[in-house]
Amino acid sequence: MKKIAFLLLMATVGCKTNTETKVSQVDQFLNTYTERYLKLYAEYSEAEWEANTKIIDGDTLASHKVSQAGGAYAAFTGSAENIEQATKFLQDKEVLTAIQIKQLEAILYGAASNPGTVSDLVKEKIKADAAQNAALFGYDFQIDGESVSTNEIDEILKTSDNLDERLIAWNTSKEVGIGLKDGLENLVGLRNQTVQALEYEDYFTYQVSDYGMTRAEMLELCEQLVKDIWPLYRELHTYARYELASKYGQSVPDMLPAHWLPNRWGQSWSAMVEVEGIDLDAILEEKGSEWLVKQAEQFYVSMGFEPLPQSFYDKSSLYPLPEGADYKKNNHASAWHMDLQQDVRSLMSVTPNARWYETTHHELGHIYYYMEYTNPNVPPLLRGGANRAFHEGVGSQMGLAAMQKPFLEGLGLIEEGVETDEMQALLKEALDMVVVMPWGSGVMTQFENSLYAEALPRDLYNQKWWELKKKYQGIVPPSERGEEYCDAASKTHINNDPAQYYDYSLSTVILFQLHNHIAGNILKQDPRATNYYGSKKAGAFLRNILSKGATEDWRKLMKDNTGEEISAKAMLKYFEPLMGYLQQQNQGREHTLGEMPI
Ligand code: X8Z
Ligand code: ZN
């Protein structure tokens, strides 16, 4: 008895020493890794920032810098030595702390996109990525021989009643895809091959694994979300066909012609309707672009977030380039955590209208996420969102809140007590938030799944794209689009945020879960008419989620904060009153979408 007890004691003591040694060995490894990682990460970000804010035709220096810095970053993060060490430590999971395990896993996840064992492939991928980006954002869109910006194309699609003019603008917007097709095909191969070197089946599977899910699980979740919102989407589709046909003086088509819609990809339709009493475009035009950014910051600050550092304003690229500039910049909005510390920047082309008002809140959501998880409890390797969808959701949630009537009244943007049509306001929101679902979880997700996991041949790219557009969105091209076009490649994310677009549709359902919670439990307000402004309590609720970064499992975070699993229920509840209204509007109209897409 005694002997056994003694032996047990020895074993425990021995084990404790072992554990302590292991824990401190891992800490030492993580510290050394992090120090080098931060330096290389910051250098790579800086090179990328330059290459995205100053795109000059044939500029080899910028692409050389990206290749150099990207190469050094890849060589370190994908080095056999680091992979080996992290793998070895993870074999003894039971003696490690949860936060150590998460960091080691993050190291391996990062390594898989740059494995040192295939360093030539990785170098080629970095170069190809940079070239694709420069081709996409250096593209000179032209109408009648005159250069036009994407903001100008968007403006035509938003406002013009002239179908000929719309068709020209839409066709112009797709021209860029032609020259991107070869690069896309090449990148698909390179992305797949690099992750396959670390045993992932394909790049889509790799990207999904960041959620702790398999490809099949993600596809199933996406299909489920599309099914959940489909009855509402189907009503919106019918409504849009009839309303737009009447606006353009045309007969009602079975499917929506792409150039009829107020967005290049038919992913947001809110510009279709106006809410009387709330003409945000007119109000914002008077205020000017700088005001938009400052106001969005002020909204966050009112809820208890810190003011943005001065360096944000000094270093960001927030507005369109001056007329006649001899270079271009990336025209798609983004937010950057340059050094995983205090250097946060945004790249936008803010113009004073409702779309940029929403986008500014969206981008500042990323920035505030960066600032909140830059704290001593979150090691730099875990400075990311609970998952990527959480990162996308925060700012969109604030954007939604910043459009609601009580908020606008409080800010003096509309007159207190002004008569507005609440159903129109709800419809306008649905035309963005519901419409993004079949686009994000359907078209984009299915297309990229085919591209990466099902070896879609290049001579079917456009055919597949339009099959999916018809099936999930009920949208058809203005005329036959052969394989000489590559319409998918006109979408930024297909080129440079690959295989992760489901982030946006998941973020939409998550944001309604968080929003309904804030409205119902914290503000005690109608979720369709809230005013978050100045609510430190709502701010604290959000800050608590953001400040954890990626240190906790996202499912647990969701459950702890809302008591729910991820689902479209909150979103459907929010839009409930709209269903009856649409059914009434659509009485006697023919639905051309099936009762379910799948
Ligand atoms: O890409 C974005 C953001 C940048 S993270 C502007 N969004 C998606 C898109 O534009 O397609 C926001 C909504 C969907
Ligand atoms: Zn975003």
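Taken together, the values in this text are just the output of simple stated rules run on the coordinates, not laboratory data. If you're wondering where the values come from, they're calculated on a predicted model, not measured in any experiment. Every residue, glycine as well, gets a Cβ built from its backbone with ideal geometry; the counts of neighbours run over all protein chains shown.
Structure above, values below:
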{"item": "Ellipsoid equivalent to the chain - semi-axes via the Cα gyration tensor, in Å", "result": "41, 29, 25"}
{"item": "Listed residues I566, V436, V176: farthest to the positive end of the dipole of the chain (Cβ charges)", "result": "I566"}
{"item": "Percent breakdown of C-alpha pair distances by 5 Å bin, ordered from the shortest bin, for segment 343-493", "result": "2, 7, 12, 15, 14, 14, 14, 11, 6, 3, 1, 0"}
{"item": "Amide H partners (placed H, <5 Å) of V476, local residues excluded", "result": "L256, A258"}
{"item": "Area projected by the alpha carbon convex hull of segment 106-241, averaged over all directions, nm²", "result": "11.5 nm²"}
{"item": "In Hz, Karplus ³J(HN,Hα) per residue of segment 326-339 (6.51, -1.76, 1.60; θ = phi - 60°; x = Gly, Pro)", "result": "8, 8, 10, 9, 4, 9, 9, 5, 7, 10, 10, 9, 4, 10"}
{"item": "For segment 126-157 versus segment 195-214, the gap between their alpha-carbon centres in whole angstrom", "result": "31 Å"}
{"item": "Net charge, I598 excluded, C-beta distance under 14 Å - Lys, Arg +1, Asp, Glu -1", "result": "-1"}
{"item": "Rg ratio (alpha-carbon, reference 2.2 N^0.38 Å) - segment 473-598", "result": "1.42"}
{"item": "Net charge dipole size for the chain [Lys, Arg +1 and Asp, Glu -1 on Cβ; Debye, nearest 20]", "result": "2240 debye"}
{"item": "Net dipole in debye of segment 483-598 [+1 Lys, Arg Cβ; -1 Asp, Glu Cβ; about Cα centre; nearest 20]", "result": "900 debye"}
{"item": "Values of log10 I(q)/I(0), in the order q = 0.10, 0.13 Å⁻¹, for segment 231-365 under a Debye, Cα-only, solvent-free model", "result": "-0.48, -0.74"}
{"item": "Mean-position separation - Cα centroids, segment 492-521 and segment 79-95, in angstrom", "result": "33 Å"}
{"item": "For segment 17-162, convex hull of alpha carbons as volume per residue, Å³", "result": "147 Å³"}
{"item": "Positive-end residue, the chain charge dipole about Cα centroid, Cβ charges, pick of S346, L157, I56", "result": "S346"}
{"item": "Dipole magnitude (debye, nearest 20) for segment 158-311, charges at Cβ of Lys, Arg, Asp, Glu", "result": "260 debye"}
{"item": "Gap separating the Cα centres of segment 416-473 and segment 533-588, nearest whole Å", "result": "20 Å"}
{"item": "Selected from S311, A389, V378, residue furthest toward positive end of dipole (segment 308-433; charges at beta carbon)", "result": "V378"}
{"item": "Burial ranking of peptide ranges 438-449, 578-589 (average Cβ count within 10 Å, highest at the top)", "result": "438-449, 578-589"}
{"item": "Spatially close lysines, pair count over segment 51-143: Cα under 21 Å, gap of eight or more or interchain", "result": "7"}
{"item": "Kirkwood Rh and Cα Rg combined as Rg over Rh, evaluated for segment 340-425", "result": "1.09"}
{"item": "Within segment 260-362, GluC sites (Glu not before Pro) in DSSP loop having at most 10 other beta-carbon neighbours inside 10 Å", "result": "E323"}
{"item": "Cα-Cα separations in segment 199-272 greater than 18 Å, expressed as whole percent", "result": "57 percent"}
{"item": "Calculated from backbone phi, Karplus (6.51, -1.76, 1.60) coupling profile of segment 440-456 in Hz, x at Gly/Pro", "result": "x, 7, x, 3, 5, 5, 5, 5, 6, 5, 5, 4, 8, 9, 10, 6, 4"}
{"item": "Rg [Å, one decimal], Dmax [Å, integer] - segment 308-362, C-alpha atoms", "result": "12.0, 35"}
{"item": "Highest average packing first - 57-70, 486-499, Cβ atoms within 10 Å", "result": "486-499, 57-70"}
{"item": "Beta bridges by DSSP in the chain, antiparallel share as percent, to the nearest 5", "result": "75 percent"}
